[in-house]
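Read through the structure below, which is laid out as structure tokens, and then see the notes.
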Amino acid sequence: MKREISLSTDLRLSQERLSEKTWVLFPLGTIDSVSSEEFGNRIRKFLDENGPSSNLLLDMSGVKYISSIGLGALISLLRKSKQDGSEFGVYNPQLAVRRVLEISKLDFLLVKTEGLDPQGPFTNYVQKKEAEKALVEAAKAQAARPQARPGRP
């Protein structure tokens, strides 16, 4: 079950519990100079409330833009998760956000399907989302194919 929290006019955050110690957070909007401090503080508070060893995956599919200050918030969250002995990762960023992560050399945060630890805390979620993406792509490909008309070869 997702629960949504409004952080600012530019950013909302919803959450989904995967297991007792594993969560997916879904930021929606932009993580910029206006929203990044509140974003980072809210997630740190969330981690503190859920105790050490709480694994956190950010599904970034709803983030259109991230600034350098937003990247700083991600680095801060990574440090906190390492101190707490938990897993932290970023999944499914839009192309613009992916490019910023790659340029800044923070793409190591990206949770990728290849090499995904079968026993890892995010495996089931990522595999489910990748299967859903494959179905959508197959449906798009099917819809793009020309349809045979009755009475025509």
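Structure above, values below:
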quantity	calculated
Cross-chain or 6+ apart pairs with Cβ under 6 Å, region 81-95 first and under 15 Å from PHE46 (Cα atoms), then small (Gly, Ala, Ser) and part of a helix (DSSP H, G or I)	PHE88/SER81
Residue match in region 78-96 (condition: over 24 Å from ARG17 (Cβ atoms) and part of a helix (DSSP H, G or I))	yes
Test: residue in region 22-30 that is farther than 18 Å from SER76 by Cα, over 13 Å from the mean Cα position of the chain (by Cα) and not aliphatic (A, V, I, L, M)	yes
Output for region 109-119, where each listed residue is farther than 20 Å from GLY62 by Cα and either touching a Phe, Trp or Tyr at 6+ places or on another chain (Cβ under 8 Å) or modelled with pLDDT of 90 or more (or both)	LEU116
Residues of region 46-63 that turn out to be surrounded by fewer than 22 Cβ atoms within 10 Å (Cβ to Cβ), within 17 Å of PHE26 (Cβ to Cβ) and of a type in the set (D, E, K, R), as a count	0
Condition check for THR113: β-branched (Val, Ile, Thr), more than 22 Å from ALA131 (Cα to Cα) and outside any helix (DSSP H, G or I)	no
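The values are calculated or read from the model by the stated rules, or taken from the named source; none is laboratory data. In this text, all values refer to a predicted model and were calculated from it rather than measured experimentally. Reconstructed Cβ throughout: ideal geometry from the backbone, glycine too, with neighbour counts over all protein chains shown.
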